[in-house]
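Here's the structure, in structure tokens; my notes come after.
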Amino acid sequence: MTALSTDERRELASSVRAVCEKFASEERVRAVAYDGDGSCGGIDSELWTVLCAQVGVAAIAVPEDLGGTGQGASALGVVAHELGRALAPVPFLASTVLATGLLLDTCAHDPRAEKCLSGLLDGYRTAAAAITGDGGLWRREAVTLTASRRSEGWGIDGAVRHVLNGTAADDLVVVATVDNDLAVFLLDSTAEGVTVEAERVLDGTRPMATITFADAPAFRLTAEGPVDDLIERNVDATLAVLSAEQVGACERVLEIATDYARTREQFGRPIGSFQAIKHKCADMLVDLEWARSASQAALQAVNGDAGGVATEAKWRASMAKAVCSESLRNAVHANIQIHGGIGFTWEDSAHLYLRRARTDEVLFGGPGQHWDRLTAQVELL
């Protein structure tokens, strides 16, 4: 795994931001992610193809011997930060982070995982991961899928809800129980017995699906070590990268709020000159820096840059998820208050970030659940 220098991080961020500025304008995001009543969700295939082909975002965390660049979680965080600023409707978190991470931990023992992984690097195929039945906090008892032996391979039964980017995924990586043990399986989303139903979502840039399996044909992937540890390790990495997306969105919300405060006039003066508005902007900045620090700490841990990696990653990932969720929620609420009535309208961008903040707040577990998880981990130190 190659660590990025400061200049390389800046260059990567600049490249991703340039692509987003060209292909992820607010108008384009609205067109891809929402219909007339703002209810549908979608993926910008062209944007994703450009990001993969020109910047190589899907290959960042993949080792060089598998066709990637082997730059690790910190580089994923750089990309996530820029995608979060733009609310880019792409399957980065679901496919490049979570699903790819699970495949990487099994491809050394299974050529089918390596073959699937190679198809994700150019962006023409995407994957989604079904870890729990409700798409929330990872816990063993939340696994709802079961697997049974078939004459050839395995069959998956059950249903999972809130599968991130499940509507557009070509490949599915799922966790199912086998005789009270856990196992990871790989399926084709178009296989017989797989039914994908798009869900009505709050944030159209985060499309989700309910996926039902009825003896769907699957390949069991071989993992080294306990499957529970493999899943938890990849979920922690996903939480850390998600926190970087939230920091990017929080940063952009602060920019939107301060720009509006400088230009909107009331009583013959910019509203930013009023003490109440200054206080809100100052609180937003404090929350942003708090979130940035928490996110960087989590990325360092899952990237292997902190001592006691296994233990550090667990509590730092939960800390980052809780802190960044609360910071982004507070920022979008303050932004709407600064904008006044216009902030509630469909035409204004403020509510788009509100939708993202509220969705990310519960994705992979809410702040309260992660504060509890953090407390439990700290008690073990």
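The values are calculated or read from the model by the stated rules, or taken from the named source; none is laboratory data. Remember, it's a predicted structure, so these values are computed and weren't measured experimentally. Neighbour counts run over all protein chains shown; Cβ positions are idealised from the backbone, glycine included. The protein model used for the area step is the full one, side chains on, heavy atoms only, and it has no ligands, DNA or RNA in it. Shrake-Rupley method; radii C 1.70, N 1.55, O 1.52, S 1.80 Å.
To the nearest 20 debye, what charge dipole does the chain have about its Cα centre, counting +1 at the Cβ of each Lys and Arg and -1 at the Cβ of each Asp and Glu? Provide the component values of the computation, followed by the final result.
Numbers: 34 positive and 53 negative charges, 204 e Å.
So the dipole magnitude of the chain works out to roughly 980 debye.
Provide the percentage of antiparallel DSSP beta bridges, counting only those with both residues in the chain; round to the nearest 5. Numbers along the way, then the final one.
Details: 31 of 36 bridges.
For the chain, the DSSP antiparallel bridge percentage is about 85.
Among Ala249, Ala261, Ala176, determine the one that fluctuates most according to a GNM of the chain built with springs between C-alpha atoms less than 10 Å apart.
In this elastic network of the chain, the residue with the biggest mean-square fluctuation among Ala249, Ala261, Ala176 is Ala261.
Give the angle, between 0 and 90 degrees and rounded to the nearest 10, that separates the Cα long axis of helix 309-339 from the longest principal axis of the Cα atoms of the chain.
Result, in degrees: 40.
What is the Rg over Rh value, at two decimals, for the stretch 228-379, using alpha-carbon atoms and the Kirkwood definition of Rh?
Rounded to two decimals, Rg/Rh equals 1.07.
Calculate what fraction, in whole %, of the accessible area of the stretch 60-188 sits on carbon and sulfur atoms when a 1.4 Å probe is rolled over the protein chains. Present the calculation step by step, with values, prior to reporting the outcome.
Numbers: 1990 of 4450 Å².
Carbon and sulfur together cover 45 percent of it.
Between Ser151 and Glu21, what is the label-point separation in nm under the 7 Å Cα-to-beta-carbon projection?
So the two model labels end up 6.0 nm from each other.
Can you tell me the Rg and the Dmax, both Å, for the Cα atoms in the stretch 127-225?
Cα radius of gyration and Dmax of the stretch 127-225 are 12.8, 42 Å respectively.
Between Asn180 and Trp371, what's the calculated FRET efficiency when r is the beta-carbon distance and R0 is 45 Å? Round to 0.05.
Values: r = 30 Å, r/R0 = 0.67.
So the FRET efficiency works out to roughly 0.90.
Per DSSP helix of 4 or more residues, -39500 (n - 2.57); summed, then divided by the residues of the chain. What does that give at 222 nm, rounded to the nearest 500? Don't skip to the end; give the middle numbers.
Numbers: 11 runs with 188 residues, N = 381.
Rounded to the nearest 500, it is -16500 deg cm²/dmol.
Under 10 Å, Cα contacts only: if you run a Gaussian network model on the chain, which one of Ala183, Ala88, Ala282 comes out with the highest mean-square fluctuation?
Taking springs between Cα atoms under 10 Å, the residue moving most is Ala282.
In nm, to one decimal, how far is the modelled label at Ala142 from the one at Ala13, with both set 7 Å along Cα→Cβ?
The answer from the label model is 3.1 nm.
Springs between alpha-carbon pairs under 10 angstrom, Gaussian network model over the chain: which of Lys280, Lys115, Lys314 fluctuates most?
For the chain, modelled as a Gaussian network with Cα springs under 10 Å, the answer is Lys115.
Compute from the Cα atoms of the chain the Rg and the Dmax, the latter being the longest Cα-Cα distance, and quote both in angstrom.
Computed over the Cα atoms of the chain, radius of gyration and Dmax are 20.6, 79 Å.
Positive end of the charge dipole of the chain (Lys, Arg +1 and Asp, Glu -1 on Cβ, about the Cα centre): tell me which of Thr359, Thr212, Gly340 has its Cα farthest that way.
Gly340
To the nearest Å, what is the center-to-center distance of the stretch 188-235 and the stretch 316-381, using C-alpha atoms only?
Each part's Cα centre sits 25 Å from the other's.
Compute the accessible area per residue over the stretch 1-130, keeping the other protein chains in place, probe 1.4 Å, unit Å².
Details: 5170 Å² over 130 residues.
I get 40 Å² per residue for the stretch 1-130.
Hey, what did the chain get for relative contact order, percent, Cα under 8 Å, at least 6 apart?
Details: 759 pairs, mean separation 61.0, N = 381.
Across the chain, relative contact order equals 16 percent.
Probe of 1.4 angstrom, ligands and nucleic acids ignored: what's the accessible area per residue over the stretch 228-379, in square angstrom?
Values: 6220 Å² over 152 residues.
Computed with neighbouring chains in place, this is 41 Å² per residue.
When you take every Cα atom in the stretch 6-121, what is the radius of gyration, and what is Dmax, the widest Cα pair distance, in Å?
Calculated on Cα positions, Rg and Dmax stand at 14.9, 47 Å.
How large a share of the accessible area of the stretch 228-379, in percent, is made up of carbon and sulfur atoms when the probe is 1.4 Å and the other protein chains stay in place? Each step should come with its number before you reach the end.
Details: 3410 of 6220 Å².
C and S fraction of accessible area: 55 percent.
I want to check the label-to-label distance for Asp65 and Gln275. Put each point 7 Å from Cα in the C-beta direction and report it in nm to one decimal.
Simple spin-label model gives 6.5 nm for this pair.
Accessible area per residue for the stretch 165-220 in Å², computed with a 1.4 Å probe and the full protein assembly in place, what is it?
For the stretch 165-220, the per-residue accessible area is 41 Å².
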